[in-house]
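K.L.:
The following block contains the structure, expressed as structure tokens.
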Amino acid sequence: MPVNRKGASRAGVLTLASGLALLNAAAPSFAQVAAEPVSSPQARVYEPADFARFAPNTAADMVGNVPGFSITGGGDDQRGFGQASQNVLINGRRVSGKANDAATALGRIAAESVLRIEIVDGATLSIPGLSGQVANVIASVDTFSGNWNWNPEFRERARPAWSRGSVSANGKTEDGWSWSAELGGFEFNNRIEGPGIITDGAGNVTDVRREGFTGSGNGPSLAATLTYEAPEGAIANLNLSFGGFNFSGREDSFRSPVNAAPSSRFANFVDEQTEGEFGADYELDLGPGRLKLIGLQRFQEESDLVTVESFDQSGAFLDGSGVRVLESAETGESILRAEYGFSALDGEIQLAAEGAFNFLDLGTDLGERQTDGSYLMSPLPGGTARVEERRSETNLSYSRQLDSAWSLQSSLGVEYSELMQTGVNSQTREFVRPKGFVSLAWKPDSDFDLNVKVEREVGQLDFADFLSSLDAQNNIQSSGNAQLVPEQEWEVSTEFNRKLGPWGAIKFTTRVSLIEDVVDRVPIGDNGRPVTAIADIRGQGVGNIDTAWAVSSALSGTINFDPLGAKGLQAEFNLRYRISEVDDPLTGEAREISGSTKMSGLLAFRWDIPETSWALGAGVEEQQSYANFRLDQISRNWQDPSITFASIENKDVFGMKVRLQAVNFNDTSENFKREVYQSAGPGQPRLRTNPIDFVEERHRTFGPIVRLEVSGAF
């Protein structure tokens with residue numbers, strides 16, 4: 001989907017993924033699957049017995065416990081379908097859904113249907129786009145089976161969330177038809193609270209606050225897939241998914257200014273979403289190769305209402321404080337793609353063509369509170385328009401095994417896109433951009449591989465950035481920028497994987513990116529276009545900065561302690577660090593890319609107690625981001641201390657798996673700090689080139705969380 005809707009700032013991020021996993025490619029029959037050889041003689045193969053200690057219910061449980069492997073890529077924000085990006089295959093074929101990812105697909109496959117999991121290098125496969133470690137899950141469904149899970153959550157300062165869980169089932173007939181369906185529910189309740197403080201530019205306290213946020217949301221989802229496998233090898237999939245999400249919340253801020261009377265401010269939020277996805281694909285042998293056709297239609301409707309009001313000590317409304325913002329959006333995406341692959345030139349060649357149509361209809365209304373308590377709404381200037389993109393691309397890919405250890409995969413493509421905006425800033429723009437990659441893999445044996453990839457990528461725009469917006473909660477307004485273009489980058493990546501025998505496995509990756517047209521906050525002038533001279537600045541909005549670079553590295557793996565005599569004990573770790581540099585569009589000074597992730601870390605221990613059905617777990621998780629830079633302020637969010645968690649699990653409670661987990665028992669706080677700068681004079685914008693006007697700090701705790709996870713199969 002081409003749009004990432006941006007609602008008002010809230011405590012925490014709420015995501016509901018209601019989607020459909022397209023299980024593209026169950027093999028013709030159980031017997032044929034079992035007889036098929038491993039896809040590569042150098043693949044690492046894991047049998048169901050290797051996961052018995054974890055008592056898995058689904059294929060997702062099994063893949064999640066492959067030593068040194070984690071699912072990456074995919075997601076519904078990618079540009080069209082394009083070439084494969086997620087490192088999971090099912091029966092040798094990519095999962096071609098968008099609203100749903102590979103984890104969703106694997107969660108609908110019963111563990112008893114998994115024959116084996118092969119860990120192979122993507123460059124050795126004839127699937128363009130894949131590199132590094134790829135999990136190929138070989139599975140077959142012969143009889144009716146299903147899974148269910150129930151995951152209620154209990155928070156110290158919020159009511160219990162009981163409606164969390166899902167039930168799925170699948171089956172297969174003797175005449176080639178198979179089906180799967182899933183019904184899910186999601187509930188979220190939260191309460192965070194803590195102190196806030198405002199200081200002036202000299203560091204003097206001007207306001208002391210006590211603040212809190214209460215929010216709750218829920219959303220059902222339904223998905224179904226119907227597949228037909230013809231005796232001659234053709235495969236057809238028909239699928240649909242539908243879901244919704246409703247969220248409501250309120251932020252309370254009780255304020256005690258140093259030189260003014262106390263007051264209170266309340267910000268209310270209501271967000272309603274409905275989304276659906278319908279898709280079909282068909283593949284068959286044609287001539288010397290195989291043809292695959294894919295079609296997809298997605299839609300989403302969303303309404304986001306924010307109301308901010310202030311009151312004095314007696315509860316009387318403070319004149320001029322009532323503001324209401326209503327955003328109504330409709331987005332859609334239509335995709336048609338064709339892929340034809342065949343053997344030639346001692347390798348595999350694929351020709352692909354794709355056409356897509358994306359749109360956003362967005363209307364933003366702004367209102368001020370009237371004396372009778374009602375709101376008179378009118379369109380926000382620059383906040384209502386329709387943005388459309390028509391895009392086509394073609395790719396030619398070639399892959400081959402150079403010798404027993406070396407593999408090559410390459411792709412060359414070109415993309416044409418037309419961006420059209422109607423309403424405010426009406427215009428049409430056209431672009432032609434090259435795309436492609438070269439990937440080289442060295443795998444001398446099944447325990448070691450090294451992959452190097454050079455790629456030219458085109459990013460995906462958020463169409464909402466084309467229009468003006470208002471964050472009523474923080475009193476931040478952004479101008480739309482109809483001249484926005486997507487980021488493009490050259491990326492050089494390496495991936496090193498090493499299996500450590502009975503000790504486990506490790507992975508080390510690096511990425512170096514040279515980025516063009518970086519999407520960031522830029523100065524906007526009277527004509528609504530980006531400007532460079534400070535005297536011409538009238539506002540700010542999302543725009544493009546010429547160039548930037550970024551370097552990231554990650555180390556992950558699984559370490560087993562069985563060789564030391566600690567049977568059943570293992571540790572998982574995942575550490576990532578990233579640096580970047582871009583020239584600030586206001587000051588010209590070098591800084592990090594705004595809001596980018598600085599580091600993340602996870603260390604988790606699990607002990608499956610020998611000769612029992614019990615397992616214990618504990619760990620710590622950390623994430624840090626760089627500051628967000630606007631022209632008028634610098635802000636940063638962080639958590640302190642690191643989040644801790646512990647769990648106890650019994651894998652056989654009347655045939656069910658029951659897990660009790662405690663999270664944040666050290667009472668981590670969510671922290672926020674922003675420095676807001678002065679203007680040069682009346683009628684002039686606030687800019688970071690001026691002295692600091694005030695500094696706002698917030699420190700809110702959300703208390704311990706207890707989660708109960710009960711799951712089983714039928």
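K.L.:
So which chymotrypsin sites (Phe, Trp or Tyr not before Pro) in the range 591-695 pass both tests, a DSSP loop state and at most 10 other Cβ atoms within 10 Å of the Cβ?
P.N.:
Those satisfying the criteria are Phe654.
K.L.:
Among the aspartates and glutamates, which have Cα under 14 Å from the Cα of Lys172 when same-chain residues fewer than 8 positions away are ignored?
P.N.:
Once the sequence-local aspartates and glutamates are set aside, what remains near Lys172 is Asp142, Glu229.
K.L.:
Taking 2.2 N^0.38 Å as the expected size of a compact globular protein, what ratio does the Cα radius of gyration of the range 376-482 give against it, to two decimals?
P.N.:
1.71
K.L.:
Here's a follow-up. Please name which of Phe188, Gly565, Gln488 has its Cα lying farthest along the dipole of the chain towards the positive end, using unit charges on Cβ (Lys, Arg +1; Asp, Glu -1) and the Cα centre as origin.
P.N.:
The Cα lying farthest towards the positive end belongs to Gly565.
K.L.:
Separation of the range 326-345 and the range 356-428 by C-alpha centroid, Å?
P.N.:
13 Å
K.L.:
If you roll a 1.4 Å probe over the heavy atoms of the protein chains, what accessible area per residue do you get for the range 478-537, in Å²? Before the final figure, lay out each step's value.
P.N.:
Values: 2710 Å² over 60 residues.
Per residue, the range 478-537 has 45 Å² of solvent-accessible surface.
K.L.:
Determine the sum of side-chain charges near Asn395: Lys and Arg each +1, Asp and Glu each -1, restricted to other residues whose C-beta is under 11 angstrom from that of Asn395.
P.N.:
Overall, the nearby charge balance is -2.
K.L.:
OK, next. Could you tell me the ratio Rg/Rh of the range 182-323? Both radii from Cα atoms, Rh via Kirkwood. Walk me through the numbers before you get to the answer.
P.N.:
On the way: Rg = 26.4 Å, Rh = 20.0 Å.
Taking Rg over the Kirkwood Rh, I get 1.32.
K.L.:
OK, next. Across 5 Å bins from 0, what is the distribution of all Cα-Cα pair distances for the range 554-712, in whole percents?
P.N.:
Going out from 0 Å in 5 Å bins, the range 554-712 shows 2, 8, 11, 13, 13, 12, 10, 8, 7, 6, 4, 3, 2, 1, 0, 0 percent.
K.L.:
Beyond a 29 Å Cα-Cα separation, which of these cross-linked pairs lie in this structure: Lys453/Lys598; Lys292/Lys453; Lys435/Lys507; Lys453/Lys567; Lys292/Lys507; Lys435/Lys673? Write out the running numbers ahead of the final one.
P.N.:
Values: Lys453/Lys598 23 Å; Lys292/Lys453 26 Å; Lys435/Lys507 27 Å; Lys453/Lys567 39 Å; Lys292/Lys507 33 Å; Lys435/Lys673 40 Å.
From Lys453/Lys598; Lys292/Lys453; Lys435/Lys507; Lys453/Lys567; Lys292/Lys507; Lys435/Lys673, over 29 Å: Lys453/Lys567; Lys292/Lys507; Lys435/Lys673.
K.L.:
In percent, what relative contact order does the range 367-481 have, based on Cα pairs under 8 Å that are 6 or more apart in sequence?
P.N.:
Reported relative contact order: 21 percent.
K.L.:
Mean separation of Cα pairs under 8 Å and 6+ residues apart, divided by the residue count of the range 528-679: what relative contact order is that in percent?
P.N.:
About 16 percent, as a whole number.
K.L.:
Calculate the FRET efficiency for Thr206 and Asn475 from the Cβ-Cβ distance with a Förster distance of 22 Å, rounded to the nearest 0.05. Please report the intermediate quantities before stating the final value.
P.N.:
Numbers: r = 16 Å, r/R0 = 0.74.
The pair Thr206/Asn475 has a calculated efficiency of 0.85.
K.L.:
Where nothing but the Cβ of Lys and Arg (+1) and of Asp and Glu (-1) is charged, how large is the charge dipole of the chain around its Cα centre, in debye to the nearest 20?
P.N.:
Values: 63 positive and 96 negative charges, 209 e Å.
Around 1000 debye, computed over the chain.
K.L.:
Here's a follow-up. Based on alpha-carbon centroids, what's the gap between the range 618-648 and the range 542-611 in Å, whole number please?
P.N.:
A separation of 13 Å, based on Cα centres.
K.L.:
Report the net charge of residues surrounding Ile349, where surrounding means a beta-carbon distance below 12 angstrom and charges are Lys +1, Arg +1, Asp -1, Glu -1. All intermediate terms of the calculation are to be shown ahead of the outcome.
P.N.:
Values: positive: Arg290, Arg400; negative: Glu339, Asp346, Glu348.
Every neighbour counted, the sum reads -1.
K.L.:
Report the relative contact order of the chain, percent, no decimals, based on alpha-carbon pairs under 8 angstrom and at least 6 residues apart. Mind showing how you got there, number by number?
P.N.:
On the way: 2085 pairs, mean separation 75.2, N = 714.
So the answer I get is 11 percent.
K.L.:
If you place +1 on the Cβ of every Lys and Arg and -1 on the Cβ of every Asp and Glu, how big does the dipole about the Cα centre of the range 563-714 come out, in debye to the nearest 20?
P.N.:
With Lys and Arg at +1 and Asp and Glu at -1, about 200 debye.
K.L.:
In 5 Å bins starting at 0, how do the alpha-carbon pair distances of the range 176-237 split up by percent?
P.N.:
4, 11, 11, 8, 9, 6, 8, 6, 7, 6, 5, 5, 5, 4, 3, 1
K.L.:
Shifting gears a bit: Straight distance only, please: which aspartates and glutamates reach the Cα of Lys651 with their own Cα at less than 14 Å, same-chain residues fewer than 8 apart left out?
P.N.:
Candidates past the 8-residue exclusion: Asp61, Asp608, Glu611, Glu709.
K.L.:
Could you estimate the translational diffusion coefficient of the chain from the Stokes-Einstein equation, with Rh from the Kirkwood formula over C-alpha pairs, at 25 °C and 0.890 mPa s, in whole µm²/s?
P.N.:
89 µm²/s
K.L.:
Output wanted: per-residue J couplings in Hz (rounded whole) for the range 597-608, from phi through Karplus 6.51 cos²θ - 1.76 cosθ + 1.60, θ = phi - 60°, x for Gly and Pro.
P.N.:
Once θ is set to phi - 60°, the couplings for the range 597-608 become 6, 8, 7, 9, x, 9, 9, 9, 10, 9, 10, 7 Hz.
K.L.:
Out of Ala223, Trp162, Asn147, whose Cα points farthest toward the positive end of the dipole of the range 147-224 (charges: +1 Lys, Arg; -1 Asp, Glu; placed on Cβ)?
P.N.:
Trp162
K.L.:
Pop the C-beta distance of Gln313 and Asp346 into the FRET formula with R0 = 60 Å and round what comes out to the nearest 0.05.
P.N.:
0.15
K.L.:
Which one of Ala618, Val658, Pro685 has its Cα pushed farthest toward the positive end of the charge dipole of the range 573-714, where Lys and Arg give +1 and Asp and Glu give -1 at the Cβ?
P.N.:
Val658
K.L.:
Between Tyr416 and Glu611, what is the label-to-label distance in nm when each label sits 7 Å out along the Cα-to-Cβ direction?
P.N.:
Between Tyr416 and Glu611, the simple spin-label model gives 7.2 nm.
K.L.:
What net charge do the residues around Gln678 carry, taking every other residue with its C-beta under 13 Å from that of Gln678, with Lys and Arg at +1 and Asp and Glu at -1? Mind dumping the intermediate values first?
P.N.:
Values: positive: Arg686, Arg688; negative: Asp200, Asp632, Glu675, Asp693.
Overall, the nearby charge balance is -2.
K.L.:
Can you give the convex hull volume of the alpha carbon atoms of the range 436-554 per residue, in Å³?
P.N.:
Normalising the Cα hull of the range 436-554 by residue number yields 147 Å³.
K.L.:
I've got another one for you. Work out, step by step, the length gained on full extension between Ser426 and Leu396: first 0.36 nm times the residue separation, then minus their alpha carbon distance; give nm to one decimal.
P.N.:
Computed gain between Ser426 and Leu396 is 7.3 nm.
K.L.:
Another one. So if I place +1 on the C-beta of Lys and Arg and -1 on the C-beta of Asp and Glu, and nothing else carries charge, what would the dipole magnitude of the range 426-584 be about its Cα centre? I want it in debye, nearest 20.
P.N.:
540 debye
K.L.:
Applying 1/(1 + (r/R0)^6) with R0 = 60 Å to the Cβ-Cβ distance of Asn637 and Ala405, what FRET efficiency is obtained, to the nearest 0.05?
P.N.:
Between Asn637 and Ala405 the formula returns 0.85.
K.L.:
Hey, how many Å between the Cα centroid of the range 239-254 and the Cα centroid of the range 652-714?
P.N.:
The distance from the Cα centre of the range 239-254 to that of the range 652-714 comes to 17 Å.
K.L.:
Here's a follow-up. In the calculated pair distance distribution of the range 495-604, what percentage of Cα-Cα distances lie above 22 Å?
P.N.:
The calculated P(r) of the range 495-604 puts 53 percent of pairs beyond 22 Å.
The values are calculated or read from the model by the stated rules, or taken from the named source; none is laboratory data. Keep in mind that what you see is a predicted model, and the values were worked out from it rather than measured. Glycine gets a Cβ as well: all are built from the backbone with ideal geometry, and neighbour counts include every protein chain shown. Each accessible area value is taken on the protein alone, full model and side chains, heavy atoms only, with ligands, DNA and RNA left out. Shrake-Rupley method; radii C 1.70, N 1.55, O 1.52, S 1.80 Å.
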